[in-house]
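Computed from the coordinates by the stated procedures, all read-outs in this text should not be read as laboratory data. What you see is a predicted model; the values in this text were computed from it and never measured. Don't worry about glycine lacking a Cβ; one is built from the backbone with ideal geometry, like all the others, and counts go over all protein chains shown.
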Amino acid sequence: MGAGRTSTTERDFAHPSGDDNHVAGLADLLVASLEILAKAGQADAACRAAGKACAVLRQAHPAQWRKFNALLHRLSGQVRLDER
């Protein structure tokens, strides 16, 4: 590569695509919604949904996966384990 030129990979990393921005926006919205759900006494449901989001995002969108992973860690103390 010549001076001042970047590879496609470097360029894509520096400027996320529109799809990446949409995924990030949707992830932020879902995290906020799940936090509200947990505050409403539904921490178990919020954790289940966050876990599903983690599974979907882990490979293709690791930055967004980290948001849900952090949410799971924050909410895990609020979930009651059923005695069986």
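Can you work out ³J(HN,Hα) from phi for every residue in the stretch 33-42, in order, using Karplus 6.51 cos²θ - 1.76 cosθ + 1.60 and θ = phi - 60°, giving whole Hz and x for Gly and Pro?
Those phi angles translate into 5, 5, 5, 5, 4, 5, 5, 7, x, 10 Hz.
If the only charges are +1 at each Lys and Arg Cβ and -1 at each Asp and Glu Cβ, what is the size of the charge dipole of the stretch 16-78 around the Cα centre, to the nearest 20 debye? List each step's numbers first, then the result.
Values: 7 positive and 5 negative charges, 45 e Å.
Dipole magnitude for the stretch 16-78 comes out near 220 debye.
At 7 Å along Cα-to-Cβ for each site, give me the label-to-label distance between residue 79 and residue 52 in nm.
Placing both labels 7 Å beyond Cα along the Cβ direction yields 1.4 nm.
Using Cβ contacts closer than 10 Å as the measure, can you line up 66, 80 from fewest to most?
Details: 66 14, 80 7.
In order of increasing Cβ crowding within 10 Å: 80, 66.
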